[in-house]
Amino acid sequence: TQPWRAPGEPQALFPFTAPRWPVECEVIQETIEHIEWVPPEPEPFSPPMGSEHTQYTLNEEQGTIVYHCSPALQGSCFTRARVGGAPGPLSSLAAPLEGPQDTTLLFESRFESGNLQKAIKVGPYEYVLTLRPDLYTAKHTQWFYFRVQNMRREPLYRFTIANMAKPKSLYGQGLRPLLYSQRDAQSHGIGWHRVGTDVCYYRGSVGEPPVFRLSWTMRFPHNDDTCFFAACYPYTYSDLQRYLRALVADPARSQYCTVRALCRSLAGNTVYLLTITSPGSAAGKRVVVASARVHPGESGGSWAMRGFLDFLLSTHADAQLLRRLFVFKVVPMLNPDGVVVGNSRCSLAGQDPNRAYGMALPSSFPGVWHLRAMVQRVLVEREVVLYCDFHGHSRKNNAFMYGCDAGRDSARTRLRQRVFPLMLSKNGPDKFSFASCKFQVQKSKEGTGRVSMWRLGVSHSYTLEVAFSGSTLGGRSSHFSVEDLKSLGRLLCDTLLDFCDPAPAKVCLDLAQGALVLRAHGDTGTVPQLQQCLAEADALLQQQMGHEPGSRGSWSDVSPSELES
């Protein structure tokens with residue numbers, strides 16, 4: 001039997017074992033790995049397509065099914081898992097080629113994070129694709145990741161994903177799919193890059209619930225290559241394990257970073273917990289908590305988390321200072337089961353774990369339950385100065401944050417909620433949009449990590465949203481690269497240091513007198529960024545209230561909607 005342990009208390013690290021899959025899932029034995037690559041120039045958005053380009057008919061009924069992977073899961077529930085998924089030989093899912101002249105594409109997605117369910121050939125070089133819904137549900141089709149082979153270089157191919165779930169998407173604003181060519185990777189060191197012309201996103205049915213279609217055309221770079229398509233740069237559970245394995249084996253970094261098991265998932269995959277701080281006494285240190293991939297289809301959050309960890313574990317002077325000042329508790333993959341099976345949003349419980357913090361049971365949502373319990377336990381002894389949950393966003397460009405503002409809070413509290421995102425926008429003006437940040441606590445979001453941690457007493461609790469697409473700021477109109485995503489994690493570290501600078505002028509919000517007052521103690525030489533941001537917020541307030549510069553107005557005169565502006 002397992003020894004008793006307090007809720008949220010980390011366990012000894014389990015051995016790094018291969019991913020465990022539900023027994024219904026077939027899994028190919030090949031190891032799928034991709035190189036990291038940054039394009040030499042930012043990849044521009046595609047020009048938006050007008051609606052007149054989207055209304056063409058696809059003859060799916062007359063087409064030929066060339067790939068069909070559909071485990072009998074809908075309406076059922078998770079029962080058990082094993083390494084490698086379903087026992088026994090693999091089914092032959094792809095239509096057999098009739099000879100060397102047969103140009104039918106060969107599809108495959110029975111690997112980590114893959115989720116193609118069906119491919120129908122409706123023309124010589126045209127395919128209609130169906131994504132597999134999240135396991136044990138009939139919903140949440142957004143993420144895609146699959147392999148194709150047996151292509152030809154010359155033809156113009158058209159792909160149409162026929163069952164996208166969301167009415168609005170960045171694909172309607174210039175987002176393009178990602179392609180990875182193994183031949184380009186091996187011969188030229190080129191990794192994931194944007195492809196697709198005539199990219200369009202449109203409603204594909206008149207029934208209820210409505211489904212939406214994503215369509216694009218493209219030419220492959222080589223004959224007989226092995227290529228992959230994806231919605232965002234994949235970051236799998238095995239990718240995380242490789243990263244952590246190297247970290248544990250590094251004698252220098254393992255001095256200030258311990259890797260433990262927060263818990264096991266429903267399938268038995270480890271939910272890892274990293275504790276990062278300088279060696280020696282942790283007395284008096286405040287705590288920063290960060291998490292990612294509660295939504296498995298939002299892989300951009302993992303790349304931002306990678307940048308956060310890379311910087312925090314580096315020898316950079318600011319990283320060393322951060323480790324001296326804080327204890328970092330980091331859960332880089334809250335929903336490993338969902339990541340393994342290629343879900344968009346849910347865990348193997350068939351529900352969204354980021355709506356389950358308020359009522360989560362350890363047997364149904366172990367990751368979020370143990371994370372919340374760990375934060376409760378930490379709060380008994382220390383202040384948690386910041387919680388940040390890394391996500392991806394499919395409908396808005398740029399990076400931005402959601403914070404917590406109850407409306408009934410004091411003006412001082414409400415202002416300070418906005419200062420950290422404002423500072424982050426100053427550090428990353430070409431990526432992070434303060435104008436896109438929101439701070440309302442809607443009833444439908446009560447079960448999220450952000451709101452749950454705030455209710456526990458974490459005053460600065462945020463969701464960091466990273467667009468699936470890219471940036472429209474600072475003269476940009478281009479996709480995020482992997483390096484862009486990682487830089488957002490580094491910017492979070494920079495901003496945390498600015499926000500909690502141990503030797504700045506002290507800042508006082510004198511709201512009893514109805515005004516913002518900055519009081520500096522000590523000779524700092526320059527005005528710290530925190531003061532700059534508070535002064536800017538005060539100037540914006542005075543402008544909003546129609547006061548002359550230098551005059552004083554009361555925060556109590558400002559309505560919630562005006563403060564939001």
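Structure summary
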{"read-out": "Selection from Pro234, Pro209, Pro177 lying farthest towards where the dipole of segment 176-241 points positive, charges on Cβ", "value": "Pro209"}
{"read-out": "Local electrostatic count at Glu36 - Lys and Arg +1, Asp and Glu -1, tallied over other residues with Cβ under 11 Å", "value": "-1"}
{"read-out": "Long pairs among Lys285/Lys445; Lys168/Lys445; Lys396/Lys445; Lys121/Lys396; Lys168/Lys431, criterion Cα-Cα beyond 27 Å", "value": "Lys285/Lys445; Lys121/Lys396"}
{"read-out": "Listed residues His393, His188 arranged by accessible area, highest first, probe 1.4 Å", "value": "His188, His393"}
{"read-out": "DSSP-loop trypsin sites (Lys or Arg not before Pro) across segment 209-303, with at most 15 other Cβ within 10 angstrom", "value": "Arg219"}
{"read-out": "Only Lys, Arg (+1) and Asp, Glu (-1) charged, at Cβ; segment 389-436 dipole about Cα centre in debye", "value": "140 debye"}
{"read-out": "Pairwise Cα inverse-distance average, inverted: Kirkwood Rh of segment 237-506 (Å)", "value": "18.6 Å"}
{"read-out": "Assigned charges on the beta-carbon of Lys, Arg, Asp, Glu; segment 237-506 dipole about Cα centre (debye)", "value": "540 debye"}
{"read-out": "Accessible area (Å², per residue) of segment 237-506, counting only protein heavy atoms and a probe of 1.4 Å", "value": "32 Å²"}
{"read-out": "HN-Hα J in Hz across segment 138-152 - Karplus 6.51, -1.76, 1.60, θ = phi - 60°, x for Gly and Pro", "value": "10, 9, 6, 9, 9, 5, 9, 6, 7, 10, 10, 9, 6, 8, 10"}
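The values are calculated or read from the model by the stated rules, or taken from the named source; none is laboratory data. Quick caveat, the model's predicted, so the values are computed rather than measured. In this analysis, Cβ positions are derived from the backbone assuming ideal geometry, glycine residues included, and neighbour counts consider all displayed protein chains. SASA here: full protein model, heavy atoms, side chains in, ligands and nucleic acids out. Shrake-Rupley method; radii C 1.70, N 1.55, O 1.52, S 1.80 Å.
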